Amino acid sequence: MDRKYPRDRAAHRVGPVGQSLRWALTLVMTWALVWPPLAQADRTQLKPGWNMFSAQQDIEVGQQVSKEAEQQLRMLNDRRVDNYLNNLGRKLAGKAPGEKYPYQFKVVNDRAINAFALPGGPVYINRGIIEAADNEAQLAGVIAHEISHVALRHGTNQASKASAAQLPLAILGGLLGSNSVGATLAQLGASFAVNSILLKYSRTAETQADTMGTQILYDSSYDARAMAQFFEKIQAQDQGGQPVEFFSNHPNPDNRIQNVNQEIDNLGGARRGYNTNSREFDDIKRYVRSLPTPPAQGQPLQADSGRNDGGGQGSRPEWPSNRSVSVENSLLRMNHPDNWQAYGQGDAMTITPRGGMVDDGNGNQALAYGVIVNIYEPHQDRYGQQLQGPGYGQGSGQGSRQDSHALLDQATDQLIQELRQSNRNMRVVRPHEDISVNGSAATSTYLSNDSPLGGRETNWLVTLQRPEGLLFLVFTAPDRDFQSYERAFQQMLYSVRINR
Ligand code: ZN
């Protein structure tokens, strides 16, 4: 590194030296002594947050979940591309501060612009990222961002917070004392969609990953602005009506570019002689673009396992098509799979596949698969009173949430109370998380409920404030199918454009 250079040179010059040389030597040594501590002191120091897992357990969790992930994803499995990515990834990971995790980098054969990292080291980059990046520094920026999520242990930090908030104390005690990560995951999996809790980051986590990612780029002699430039570019695409999957798990933090530029200033400004591109990147990008387009993701990959084991509850609807059509009502416009149908009028809308509505046994049509969109008007009196009462401003125990989020959470809680009146066994399994919908602050909550098909279902509730009231979307599927539908649900949510 830089700071060794002047010292080494000084060592060579020990011995009888002339006056001017002595002066030059003093200057070099002074610079060597003073400059590096200043630069170190100015960089933002980041540390992982509270965690009930050990670093070793992060590695075990990541290995276990990566097996499941690789069964569900289409991996590119191309040695040339994986080698290139691993060389680049290892170079960057070598600059990550803190615990040294066994990083692994793999390419997913998916043209959607997305990337994710699992605890303890596995990093997955969609081929769409390589195809969309303008240069190696931008690709390095995405990888550095993912490495930062691992180094800062964001996945298990979130799982820790969620389980502390949700699991009964007995289980929590077992978790903390348990040596078996498999058992721990099984317990978590009983209550939550494990994968999504490990992967959906808060905006604070995003800002941290941006800051550390910038440091890693800088320390690896890449153009430190490249990561933010890439995110800015795909954000423009997202806002231009082509939803970008990356933002589904990595919500866009506020002031992204300003934060990155601030950190570059902290590091002492743009580095001289930084790298932006390599011929190797151009070759790999050209090669990846020439590979055949992956087959459509219209069906879940494990189509042969557990397809018709519905416990005699009748046949499942067709899987969501990967072609979408657009629907609009008074509140919003959104896309849905073209083999689903939208019903309703005014503010209320139900979008469901054929066979997604079933008789609940009392002659009522109940939604088993699909999404409900509607407006809920919180009771002003109760709402106002609650805001004065204890707990105001504390959200759901997460401490630093802003007032607007606390308001949104309280209105959401009121809606959940209302829903419970007609769904007695409904309960919250994953508390409020801040997300963004079409640029507006929104809250994501996961609920578990009796399915009208028997067994349990997952309800993914997304709420946001509108002048008309609380706009909510409830995405629903039986537990056994929820993961297979989640991607379609996410794509629907990211396609939402609010009528303003
Ligand atoms: Zn991120």
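The values are calculated or read from the model by the stated rules, or taken from the named source; none is laboratory data. These numbers were taken from a predicted model, which means no experiment stands behind them. Because the Cβ atoms are built from the backbone with ideal geometry, glycine has one as well, and the counts that use them run over all protein chains shown.
Rundown of residues vs (1) under 19 Å from ALA348 (Cα atoms); (2) at pLDDT 90 or above, yes/no style:
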{"residue": "VAL428", "(1), (2)": "no, no"}
{"residue": "SER444", "(1), (2)": "no, yes"}
{"residue": "LEU453", "(1), (2)": "no, no"}
{"residue": "ARG456", "(1), (2)": "no, no"}
{"residue": "ASN459", "(1), (2)": "yes, yes"}
{"residue": "VAL462", "(1), (2)": "yes, yes"}
{"residue": "GLY469", "(1), (2)": "yes, no"}
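Taken together, the criteria place ARG153 among residues that are in contact with a Pro (Cβ under 6 Å, 6 or more places away or on another chain) and either among the hydrophobic types (A, V, I, L, M, F, W, C) or surrounded by 22 or more Cβ atoms within 10 Å (Cβ to Cβ) (or both).
Residues checked against (1) under 27 Å from the mean Cα position of the chain (by Cα); (2) polar (S, T, N, Q); (3) part of a strand (DSSP E or B):
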position	(1), (2), (3)
LEU419	no, no, no
ASP434	yes, no, yes
THR443	yes, yes, yes
LEU447	yes, no, yes
PRO452	no, no, no
VAL462	yes, no, yes
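Of the residues contained in the stretch 126-147, none is found to be more than 26 Å from ALA224 (Cβ to Cβ) and small (Gly, Ala, Ser). Of the helices (runs of 4 or more DSSP H) contained entirely in the stretch 126-232, those carrying at least 2 residues that are of a type outside the set (Ser, Thr, Tyr), modelled with pLDDT of 75 or more and within 15 Å of the ligand (Cβ to nearest atom) fall at 136-151, 154-166, 203-219. Considering the stretch 235-254 alone, what residues qualify as being of a type outside the set (S, T, N, Q) and part of a loop (DSSP other than H, G, I, E, B)? If the condition is that a residue be of a type outside the set (S, T, N, Q) and part of a loop (DSSP other than H, G, I, E, B), then GLY240, GLY241, PRO243, VAL244, GLU245, HIS250, PRO251, PRO253, ASP254 are the ones that fit.
Residues in the stretch 319-351 that are modelled with pLDDT of 85 or more and touching a Phe, Trp or Tyr at 6+ places or on another chain (Cβ under 6 Å): ILE351 alone.
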